[in-house]
Structure formats: structure tokens, C-alpha cells
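Undergrad: Sharing a structure below in C-alpha cells format, with a few things to ask.
Derivation of every value follows stated rules applied to the coordinates shown; laboratory data play no part. This structure is a prediction, so every number in the text was calculated from the model and none was measured. For neighbour counting, all protein chains shown are included, and Cβ atoms are generated from backbone atoms with ideal geometry for every residue, glycine included.
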Amino acid sequence: MAETVLVTGGTGFVAGHCIAELLRRGYDVRTTVRDRSREAAVRDAVTSAGQPGDRVSFAVADLASDAGWAAAVAGRDYVLHVASPLGADAPKDPDALIGPARDGTLRMLRAATDAGVRRVVMTSACAAATPPLASQDSVSDETRWTETDDPTLTAYRKSKAVSEQAAWAFIRDRGGATTLTTVLPGAVFGPLLSPANRGSVRVIERLLRGMPGTPRIGFEVVDVRDLADLHVRAMVAPEAAGRRYIAAGEFRWMSEIAEELRAGLGTAAAKVPTRNLPDFVVRLLARFDPGVRALAPYLGRRHLHSSARALESLGWQPRPAAETVTDCGRSLVAHGVVPLAKEPS
């Protein structure tokens with residue numbers, strides 16, 4: 001009999017790939033949606049990944065409510081907790097994002113431990129293992145914990161750190177048979193299964209649509225397909241219980257990502273900028289654009305994270321960043337998110 005897995009937030013970018021990977025490996029998969037009307041979209045996304053979407057079952061559950069979670073985890077051997085509450089990275093009230101992220105995680109953990117789930121794998125972020133901005137360029141591993149009282153943290157970054165810390169405290173205090181593992185990805189790019197929920201892929205989208213230039217912002221690129229693979233590895237490996245795993249690939253400045261898009265996509269990348277934006281211009285734009293404002297403090301920063309534990313302990317093998325970036329760009333064009341550039345007349 002196949003082992004059973006619940007993936008939270010089935011309509012999400014990462015969750016869709018996790019569902020497809022689990023099906024590929026023969027697991028019985030259930031996923032949560034906030035509304036039954038989203039079931040068809042999830043099935044279509046999984047089918048586009050080459051897996052039978054009709055093999056996915058559904059439970060209606062929202063991280064903002066207790067309702068539905070007991071039924072969602074019932075009979076499951078594992079949970080991949082990928083879902084996060086919806087919200088802007090720079091809300092007027094940061095607690096509007098931080099509180100729901102933490103409370104939703106605890107709500108899911110209470111249901112999972114009550115049901116006797118063997119292991120929960122939670123998607124955190126490298127943002128939960130990063131030194132303060134005032135520090136110099138560095139390389140962090142899983143022993144690093146983000147200081148949640150750092151006033152420079154964006155709401156999103158703080159929500160990831162607070163939620164992961166709350167999860168570990170819950171498991172430590174609750175005890176029982178359920179074990180916890182967390183996965184901390186860098187910037188998640190790669191092919192879309194659906195254009196509906198693009199997450200961090202919007203960075204690639206903005207480049208392809210055209211920007212005045214590339215700011216001095218860098219990313220540790222991880223492919224969504226490799227991230228899904230690491231979640232499954234962390235789910236079943238006995239040695240992964242009680243451990244954090246960083247999933248950070250090669251570092252790329254936005255200017256380097258732009259170069260890789262132009263090299264890999266040809267005319268489809270005709271609008272990708274070829275010049276860099278001076279820092280002072282980015283800071284000026286940040287006064288008017290909340291999205292730019294959230295990025296401005298990270299100009300020129302190169303805080304790296306080591307994935308050695310995942311590589312050595314779990315045999316994880318992420319693909320090159322250039323392949324991820326190129327596949328991501330092609331996917332955005334194929335799904336019609338970015339219109340194909342016209343050939344010059």
C-alpha cells in the first residue's frame with residue numbers, strides 16, 4: 001500500500017511541483033485548497049508536469065482557521081507544509097503577515113501531531129538563517145538563526161524566521177511521535193506549471209517584460225524541481241528528523257540573470273535590460289514603489305548560504321543556475337505570461 005502525504009497549499013508554485021514529484025514516486029497525495037473551485041486548476045497543473053492529476057485528492061482548509069485541518073491530515077504518514085498566508089512583502093502592518101504565518105504553521109502542526117503524522121517537512125527560507133544587514137558578506141549554514149528583532153527585516157523575511165522558530169518550539173514542547181524537518185530555499189525559480197501563482201518567478205518576469213536596468217541585487221538560485229526533490233528526500237531520510245536543510249544554489253546578480261536570459265532565449269529576451277541601475281536611482285525609486293523599497297536595503301549585499309548538509313547527508317544535486325533561469329524564462333513565454341517579442345522588421 002502506498003504511503004500517504006498531505007501537501008499544504010496545492011495551488012502554489014512550489015506545492016504543485018511537490019505534488020508532481022510525489023506522484024512520480026508513487027505516493028498517495030492529498031492537498032489543501034481554500035476553496036473547492038481551485039481543484040481543477042491543481043489537477044491541470046499536475047497534469048502539465050506529466051503526472052495524473054486525477055490521482056490527487058483534496059481537503060478544504062485555510063491557515064487562518066482551524067476548520068478542515070483534522071480531516072486534511074487524517075490517515076497521512078507525512079505532511080509537506082509548503083503553504084504560506086497571502087500578503088504583500090511590505091504591508092503597512094507587518095503583523096498582518098507575520099502573525100498569520102506563525103499561527104497557520106502552529107495550526108497545521110497541532111493537527112498533524114494529534115493525527116500521529118510521522119514527519120512534517122516545513123518550507124522555511126534562507127531568510128530564516130541570515131545575519132543582520134550591517135554585517136559583512138558572509139556564508140551561513142543551518143546553525144545560523146535570523147535575529148527577529150532586527151529592524152531592517154522585511155515582513156516576509158521576519159515571517160519566515162518567526163514561523164520556523166515557532167514550529168521548532170512547538171515540536172520541542174509537544175513531544176510525541178511526530179518529527180519535524182525544515183527546508184530553507186534561496187530564490188525559487190524554474191518552470192511554471194500554471195501561470196496563476198508565480199511567486200518569486202515574478203523577478204524573471206519583470207526582466208523579460210523590460211526594466212530600465214538591473215539593480216545590484218543578488219539571488220541564490222534554486223530550481224523549484226530540485227526543491228521538490230529535496231522535500232521528498234528530507235521526508236523519508238531517518239537522519240533528517242530534527243534537522244534544517246538549506247537549499248541554496250549558485251549566486252547570481254540580476255545583471256548575470258539578465259545575461260543568461262538573453263543567451264538562452266534569444267529574441268524572446270529582447271526586452272531584458274542590458275545596463276545596470278545605479279544604487280542612487282534604486283533608492284530614489286524606493287520612495288515611491290513598496291516593492292523596490294523592500295529590496296533597497298539589500299543593494300550590493302552578498303550573504304551566502306551553504307547547502308553542504310543537503311548535498312552530503314541527503315545526496316541532493318541541484319542543477320546549474322543558468323538552466324533554471326533559462327527554463328523559467330521559456331516557461332513564462334510558453335504560458336503567455338510574457339508576450340513573445342516581435343521580430344524586427
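Undergrad: Could you compute the FRET efficiency for residue 152 and residue 96, with r as their C-beta to C-beta distance and R0 at 22 Å, rounded to 0.05?
TA: Details: r = 19 Å, r/R0 = 0.86.
Using R0 = 22 Å, I get an efficiency of 0.70.
Undergrad: Determine the relative contact order of the chain: mean sequence separation of Cα pairs under 8 Å and six or more apart, normalised by residue count, in whole percent.
TA: Working: 715 pairs, mean separation 62.3, N = 345.
In percent, rounded to a whole number, it is 18.
Undergrad: Separate question: Multiplying the sequence separation of residue 241 and residue 37 by 0.36 nm and subtracting their Cα-Cα distance, what value in nm do you get? Write down the numbers at each step before the final one.
TA: Numbers: separation 204, 0.36 × 204 = 73.44 nm, distance 3.55 nm.
Extending this stretch completely gives an extra 69.9 nm.
Undergrad: Along the Cα→Cβ direction, 7 angstrom out, place labels at residue 334 and residue 165. What is the inter-label distance in nm?
TA: 4.1
Undergrad: Here is a further query. Nearest-5 percent of antiparallel DSSP beta bridges in the chain? Write out the running numbers ahead of the final one.
TA: Values: 3 of 33 bridges.
Here the antiparallel bridges make up roughly 10 percent for the chain.
Undergrad: To the nearest 0.05, how large is the calculated FRET efficiency for residue 177 and residue 289 if R₀ is 45 Å and r is the Cβ-Cβ distance? It would help to have the intermediate numbers written out before the result.
TA: Working: r = 48 Å, r/R0 = 1.07.
The calculated FRET efficiency here is 0.40.
Undergrad: Calculate, for residue 1 and residue 271, the FRET efficiency according to 1/(1 + (r/R0)^6) with r their C-beta to C-beta distance and R0 35 Å; round to the nearest 0.05.
TA: Numbers: r = 52 Å, r/R0 = 1.47.
Efficiency at R0 = 35 Å is approximately 0.10.
Undergrad: Run the quick spin-label model on residue 54 and residue 202: label points 7 Å from Cα toward the beta carbon, then report their separation in nm to one decimal.
TA: If labels sit at residue 54 and residue 202, their model points lie 3.6 nm apart.
Undergrad: How would the range 160-203 be classified by its alpha-carbon gyration tensor: rounded, prolate or oblate, with rounded meaning a/c under 1.5 and the a/b versus b/c comparison settling the rest?
TA: Values: a/c = 3.54, a/b = 2.65, b/c = 1.34.
Prolate, since a/c reaches 1.5 and a/b exceeds b/c.
Undergrad: By average Cβ neighbour count within 10 Å, what is the ranking of 256-269, 109-122 from highest down? All intermediate terms of the calculation are to be shown ahead of the outcome.
TA: Values: 256-269: 18.8, 109-122: 21.1.
Packing order, densest peptide first, comes out as 109-122, 256-269.
Undergrad: Which residues' amide hydrogens lie under 5 Å from the amide hydrogen of residue 250, considering only partners 5 or more residues apart or on another chain, with H built in the peptide plane?
TA: 221, 321
Undergrad: So what is the relative contact order of the range 4-44, in percent, for Cα pairs below 8 Å that sit 6 or more residues apart? Numbers along the way, then the final one.
TA: Working: 44 pairs, mean separation 19.7, N = 41.
Here the relative contact order equals 48 percent.
Undergrad: Moving on. Let a ≥ b ≥ c be the square roots of the eigenvalues of the Cα gyration tensor of the range 1-117; is it rounded (a/c under 1.5), or, if not, prolate (a/b larger than b/c) or oblate? Present the calculation step by step, with values, prior to reporting the outcome.
TA: Details: a/c = 2.15, a/b = 1.37, b/c = 1.57.
In terms of gyration-tensor shape, oblate.
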